[in-house]
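What follows is calculated from the coordinates using simple rules that are stated; it is not laboratory data. Predicted model only: the values in this text are computed from it and were never measured. Virtual Cβ from ideal backbone geometry, glycine too; neighbours counted across all protein chains shown.
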């Protein structure tokens, strides 16, 4: 039996379409540390509705998978750097600062996808994550993205033009 995923451990109430376990319509991506202690892994079998060209996975789905999985990789590295368990408070959150995807080969439908990600360089307020996407044993895409550690209460307040409640913990 697999231990709880990062998403289920750190954010069981998550509503993100890609990785939130509480989103009834979402993809429910589940990320775990690899045994090597360097990479964070996830698997996903795209549903037929995510077809781009006939028999090929829609590139936007690949971007979403890379985005969510890479973000969890950045957060996992932060938890580890602070020697904290994923279920500890306050919750660590990151957002996408820059999402870069290089499509190497067409990604076939009907083949389980494996995402393999790691932080490249230092873990800081801004962290670079490299995420490889494999269809079976074939590398089909590589994400090279930047994730920024944030206080989501302040971020949501700013996005809606209101002040964050200073009495609320981050």
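The set of residues in region 34-55 that are in contact with a strand residue (DSSP E or B) (Cβ under 8 Å, 6 or more places away or on another chain) and either crowded, with 16+ Cβ neighbours inside 10 Å or free of Cβ contacts under 8 Å to residues at least 24 places away in the same chain (or both) comprises 39, 40, 41, 42, 44, 46, 50. Between 109, 75, the distinction of being surrounded by 15 or more Cβ atoms within 10 Å (Cβ to Cβ) and over 19 Å from the mean Cα position of the chain (by Cα) belongs to 109 only.
One line per residue, one yes/no per condition, for (1) touching a strand residue (DSSP E or B) at 6+ places or on another chain (Cβ under 8 Å); (2) surrounded by 16 or more Cβ atoms within 10 Å (Cβ to Cβ); (3) more than 22 Å from residue 125 (Cα to Cα):
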{"site": "60", "(1), (2), (3)": "no, no, yes"}
{"site": "70", "(1), (2), (3)": "yes, yes, no"}
{"site": "80", "(1), (2), (3)": "no, no, no"}
{"site": "89", "(1), (2), (3)": "no, no, no"}
{"site": "99", "(1), (2), (3)": "yes, yes, no"}
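When 95, 119, 111 are screened for being under 25 Å from residue 4 (Cα atoms), in a loop (DSSP other than H, G, I, E, B) and in contact with a strand residue (DSSP E or B) (Cβ under 7 Å, 6 or more places away or on another chain), only 111 passes. Only residues that are more than 21 Å from residue 119 (Cβ to Cβ) and surrounded by fewer than 16 Cβ atoms within 10 Å (Cβ to Cβ) were counted in region 132-152, giving 3.
From the residues in region 122-131 that are surrounded by 15 or more Cβ atoms within 10 Å (Cβ to Cβ) and in contact with a strand residue (DSSP E or B) (Cβ under 7 Å, 6 or more places away or on another chain), which one is farthest from residue 53 (Cα to Cα)? For region 122-131, the residue satisfying everything is 126.
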